[in-house]
Amino acid sequence: MTAILGAGISGLAAGHYLLRKTPTLPLTIYEATDRIGGWIRSERSPDHGYVFEAGPRTIRPKGPAASNTLELIEELGLTDQVYSISSNHTAARNRMIYAKGKLNLLPNSLGGVLKTVPPFTRPLYFAAFHDLLAGRSKTALTDESMYSFVERRFGKEIADYAVSSMLCGICAGDAKQISVKFLMKDLFEREQRHGGVIVGLLKEALQNRKKKQPQSVKKPATQMARLADRAKAENWSIYSIRGGLQTLPETLATDLQAKGASIVTGTKCEELTFDGDRVVLRVDGKEQQLQHLVSSIPSYKLAKHVQKQHPQLASTLSSIPFVDVCVINLRYRRGDLLQQDGFGFLVPPIENLPILGVIFDSCCFDMDDNTVLTVMMGGAWFEQWFGKNPSDEHLLGVALEHIKKILHIEQQPDSYKVNLLRKCIPQYTVGHQDRVKAIRAYVEQHRLPLSLCGASYDGVGVNDVILSARKNVETIQQ
């Protein structure tokens, strides 16, 4: 038998790919909480026409990991439930940052890059000149913080306002701590090879032109490629699933159970022991003998289970930090409260405010005649602003104070939900990739029948954790 720890989206996806590979495989998924889906949590109010999302709400359609997710959606029969937003939609074009006391619309065209747009004091194309003049780093680097890299190559304003706020939105993280390899690995490696990002891009483009390009072989269209092709043809910017993103893990779970998998919620792993080529898993006082274990739970939780037998592995697993985020959903029974439509706004840390940003949900999706907002707070600065155990009332008060200050919405929401998500997002701090390599090398060297997937290792987005599940279970020898 094979077991999976965790019934979040990565654990469920791991089950999907395991059964696709070996349909008759006896499979059980253990989930400690009373629900499946992990941090994906949609609270639906069909009578009032809106959805509150406590976690992710949209998925990006571009890139190999994104194509893999779209393929999964097709396999699950959810194609007709996809709700897409094209690149010319207001929510895709209008993205803002709150800086210097006001909301600033970020450039969404070449024209915007050529002129000075607040909060920047120079046109953004100056960043390219900064890179060309910066020269090579003084010493060869294997990694550095995102902030350090961007400041060196493109200037302090880009680091302070563009990149720092972007990381607040992606992982609630501090750009001065997050590894440049998290989002800019290719740019960083080009700079190290060629002495600059722009120089590197130009040199590699020239080298590629000189190489004889092989004739591309046209692949026959397949059912599973159609949604990705449609996303490209229709120029999607983001998409979700009707009824909320939780529809995806729910459908995955239903499909797995129909194929014979068992999903057990409300049950905790009590002990985990490796015995030769077997795993002994004790759950609710009962021991299970397993051929293989897939862990999709956070690295710090797995560390507790392997500490006794493999302390070195536990130490490395524990070294991946996580942050707390407060997500507050607000709904107003008026659809005209926003002065500027868009996806929402982010707040760079340099502004020294407790909120990370606000998403304008009702601009992205049909919420009837409601204004629906999601306020994100805390992250890497959670304890600094809120202490260890803030009350829901205090958190809501802070959110409403800043909604009033920034968006000038003075009325009280007609409904709301305070979601305090403890240790919800892993932080890929400098050296993260080396830590993950060390973890997987240890597992391989000790021949542990263990596979790791999920947000702790291979990316924090929905696309990332689904692809992480696929890659790491497809190598399992059954």
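Residues that are farther than 29 Å from Ile73 by Cα, modelled with pLDDT of 95 or more and out of contact with any Ser or Thr (no Cβ under 9 Å at 6 or more places or on another chain) are absent from the range 450-466 altogether.
Listed here are the residues, each with its yes/no results for (1) touching a Gly at 6+ places or on another chain (Cβ under 8 Å); (2) hydroxyl-bearing (Ser, Thr, Tyr); (3) within 19 Å of Ile178 (Cβ to Cβ); (4) outside the structural domain of Lys176 (by the TED database).
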position: Lys301; (1), (2), (3), (4): no, no, no, yes
position: Ser315; (1), (2), (3), (4): no, yes, no, yes
position: Val327; (1), (2), (3), (4): yes, no, no, yes
position: Arg331; (1), (2), (3), (4): no, no, no, yes
position: Leu337; (1), (2), (3), (4): no, no, no, yes
position: Gly344; (1), (2), (3), (4): yes, no, no, yes
position: Pro349; (1), (2), (3), (4): no, no, yes, yes
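Summed over the range 143-155, the residues that are open to solvent by 30 Å² or more (accessible area, probe 1.4 Å) and basic (Lys, Arg) give a count of 1. For the range 21-32, the criterion of being open to solvent by less than 10 Å² (accessible area, probe 1.4 Å) and under 20 Å from the mean Cα position of the chain (by Cα) is met by none of the residues. Might you check whether a residue that is over 29 Å from Gln384 (Cα atoms) and open to solvent by less than 10 Å² (accessible area, probe 1.4 Å) occurs anywhere in the range 156-176? No, the range 156-176 contains no residue that is over 29 Å from Gln384 (Cα atoms) and open to solvent by less than 10 Å² (accessible area, probe 1.4 Å). Report, ordered by the first and then the second residue, all pairs with beta carbons closer than 6 Å, sequence separation of six or more or different chains, a first member in the range 298-320 that is over 20 Å from Gly11 (Cβ atoms), and a second member that is not in a helix (DSSP H, G or I). Cβ pairs passing all conditions: Ala314/Gln307.
Only residues that are open to solvent by less than 50 Å² (accessible area, probe 1.4 Å) and either of a type outside the set (Val, Ile, Thr) or not in a loop (DSSP other than H, G, I, E, B) (or both) were counted in the range 299-320, giving 11. Of the residues making up the range 240-292, those that are among the small types (Gly, Ala, Ser) and farther than 22 Å from Leu78 by Cβ are Ser262, Gly266, Gly276, Gly285.
Checking every residue in the range 70-87 against the condition of being within 30 Å of Arg226 (Cα to Cα), surrounded by fewer than 19 Cβ atoms within 10 Å (Cβ to Cβ) and assigned by the TED database to the domain that holds Arg193 gives zero matches.
Against the numbered list (1) surrounded by 21 or more Cβ atoms within 10 Å (Cβ to Cβ); (2) over 26 Å from the mean Cα position of the chain (by Cα), Pro249 comes up short only at (2).
When the range 349-368 is limited to residues that are touching a strand residue (DSSP E or B) at 6+ places or on another chain (Cβ under 7 Å) and not in a strand (DSSP E or B), the one that is most open to solvent (accessible area, probe 1.4 Å) turns out to be Asp368.
Across the range 316-340, the number of residues qualifying as within 30 Å of Val436 (Cβ to Cβ) and aromatic (Phe, Trp, Tyr) comes to 1. Could you tell me whether Leu346 is buried (at least 20 other Cβ atoms within 10 Å of the Cβ) and either touching a residue at least 12 places away in the same chain (Cβ under 8 Å) or not aliphatic (A, V, I, L, M) (or both)? So Leu346 fits the description; yes. The set of residues from the range 27-47 being at pLDDT below 95 and more than 30 Å from Cys168 (Cβ to Cβ) comprises Pro46, Asp47. Restricting Ala54, Ala92, Ala66, Ala99 to residues that are open to solvent by less than 40 Å² (accessible area, probe 1.4 Å) and at pLDDT below 95 narrows the list to Ala92.
Looking only at the range 260-275, which residues are open to solvent by 30 Å² or more (accessible area, probe 1.4 Å) and either among the polar types (S, T, N, Q) or farther than 13 Å from Leu5 by Cβ (or both)? Of everything in the range 260-275, those that are open to solvent by 30 Å² or more (accessible area, probe 1.4 Å) and either among the polar types (S, T, N, Q) or farther than 13 Å from Leu5 by Cβ (or both) turn out to be Gly260, Ser262, Thr265, Gly266, Thr273, Asp275.
Within the range 112-126, being touching a Lys or Arg at 6+ places or on another chain (Cβ under 8 Å) and either free of Cβ contacts under 8 Å to residues at least 24 places away in the same chain or in a helix (DSSP H, G or I) (or both) holds for Thr116, Pro118, Pro123.
The values are calculated or read from the model by the stated rules, or taken from the named source; none is laboratory data. Here the structure is a predicted model, which means the values were calculated and not measured. Ideal geometry is used to build each Cβ from the backbone, glycine not excepted, and the neighbour counts take in all protein chains shown. Just so you know, the surface numbers come from the protein's heavy atoms only, side chains and all, with ligands and any DNA or RNA stripped out. Shrake-Rupley method; radii C 1.70, N 1.55, O 1.52, S 1.80 Å.
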